[in-house]
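Enquirer: Submitted below is the structure of interest, expressed as C-alpha cells.
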Amino acid sequence: MVDKKNILTYEGLKRYEDELQNLKVVKRKEVAQKIKEAREQGDLSENAEYDAAKDEQRDIELRIEELEKLLKNAEVVVEDEIDLDKINIGCKVKVYDVDEDEEMEFKIVGSTEANSLQNKISNESPVGHALIGRKVGDVVDVETQSGVIQYKVLEIQRVS
C-alpha cells in the first residue's frame, strides 16, 4: 500500500521537525529520568509514578513514529512559487460570505495542518476543495452539512 502524501507548507514542516527534535532530544531524556527515579522507589507492582512514566514513554514513542511517518511522506509547497492568479495550497484567501454578508480570510493548507481556530482550512475540506483553482471574482457554491454557502473570492495572496 502506498502511503498518502502529506502536503505541508514550509511553516508546517518546520513545526513538525521542531516537535520531533524536541521529543527525541528533550522528552525522551525526561521520561527516562522519571522511570529511573520511580524504579529507585522499590516495588514496581504498586508504583503509580512508574506506570505513569511508562505510559508517557509509550505516548512519546508513538508520537515520534507518527511524526517520522508524516515527514517521510511530506510534500512541501514552495509558497514563493504559488501562482496567485488562482487559489492553491499555501495561499491566503479573502472571501465574501454572501448569505452572512461578511468577509472572511482563510489559509489553504494540507489536511495535516488544518486548524479552524487559526483559519487554516484543509484543501480536502468542503470549503477548501471548492475554493482550489478559483480566481478573484469567482462565486463559489460550497455544499456543507448545514446547506449551500456561497462565497465570492475577493483576494488571493501569499502568506507572509
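Enquirer: Can Leu62 be described as open to solvent by 50 Å² or more (accessible area, probe 1.4 Å), out of contact with any Asp or Glu (no Cβ under 7 Å at 6 or more places or on another chain) and within 15 Å of Val153 (Cα to Cα)?
Expert: Criteria not met by Leu62.
Enquirer: I've got another one for you. Among Lys152, Lys107, Lys92, which is closer than 20 Å to Asn6 by Cβ, out of contact with any Leu (no Cβ under 7 Å at 6 or more places or on another chain) and modelled with pLDDT of 90 or more?
Expert: The conditions single out Lys107.
Enquirer: Looking at segment 90-105 only, could you name the residues that are open to solvent by 70 Å² or more (accessible area, probe 1.4 Å) and either β-branched (Val, Ile, Thr) or part of a strand (DSSP E or B) (or both)?
Expert: Glu102, Glu103, Glu105
Enquirer: I would also like to ask the following. If you take the residues in segment 135-151 that are β-branched (Val, Ile, Thr) and part of a strand (DSSP E or B), which one is surrounded by the fewest Cβ atoms within 10 Å (Cβ to Cβ)?
Expert: Here the residue is Val148.
Enquirer: I'm told Ile60 meets every condition in (1) among the hydrophobic types (A, V, I, L, M, F, W, C); (2) assigned to a helix (DSSP H, G or I); (3) in contact (Cβ under 8 Å) with a residue 60 or more places away in the chain except one. Can you identify the failing condition by its number?
Expert: Failing condition for Ile60: (3).
Enquirer: A further question follows. Any residue in segment 112-123 that is out of contact with any strand residue (DSSP E or B) (no Cβ under 9 Å at 6 or more places or on another chain), of a type in the set (A, V, I, L, M, F, W, C) and surrounded by fewer than 20 Cβ atoms within 10 Å (Cβ to Cβ)?
Expert: The answer is yes, given that some residue of segment 112-123 is out of contact with any strand residue (DSSP E or B) (no Cβ under 9 Å at 6 or more places or on another chain), of a type in the set (A, V, I, L, M, F, W, C) and surrounded by fewer than 20 Cβ atoms within 10 Å (Cβ to Cβ).
Enquirer: OK, next. Of these, Ile87, Ile108, which one is assigned to a loop (DSSP other than H, G, I, E, B), touching a helix residue (DSSP H, G or I) at 6+ places or on another chain (Cβ under 6 Å), open to solvent by less than 20 Å² (accessible area, probe 1.4 Å) and within 30 Å of Val148 (Cα to Cα)?
Expert: Ile87
Enquirer: Now a separate question. Can you name the residue in segment 1-15 that is β-branched (Val, Ile, Thr) and open to solvent by less than 60 Å² (accessible area, probe 1.4 Å) and is also nearest to Lys69 (Cα to Cα) among such residues?
Expert: Per the criteria, the residue is Ile7.
Enquirer: Among Asp18, Asp43, which is the only one that is free of Cβ contacts under 8 Å to residues at least 24 places away in the same chain, loosely packed, with under 11 Cβ neighbours inside 10 Å and under 17 Å from the mean Cα position of the chain (by Cα)?
Expert: Answer to the check: Asp18.
The values are calculated or read from the model by the stated rules, or taken from the named source; none is laboratory data. Computed from a prediction, not measured in an experiment: that's the story for all the values here. With ideal geometry, Cβ positions are generated from the backbone for all residues, glycine too; neighbour counts draw on all protein chains shown. The protein model used for the area step is the full one, side chains on, heavy atoms only, and it has no ligands, DNA or RNA in it. Shrake-Rupley method; radii C 1.70, N 1.55, O 1.52, S 1.80 Å.
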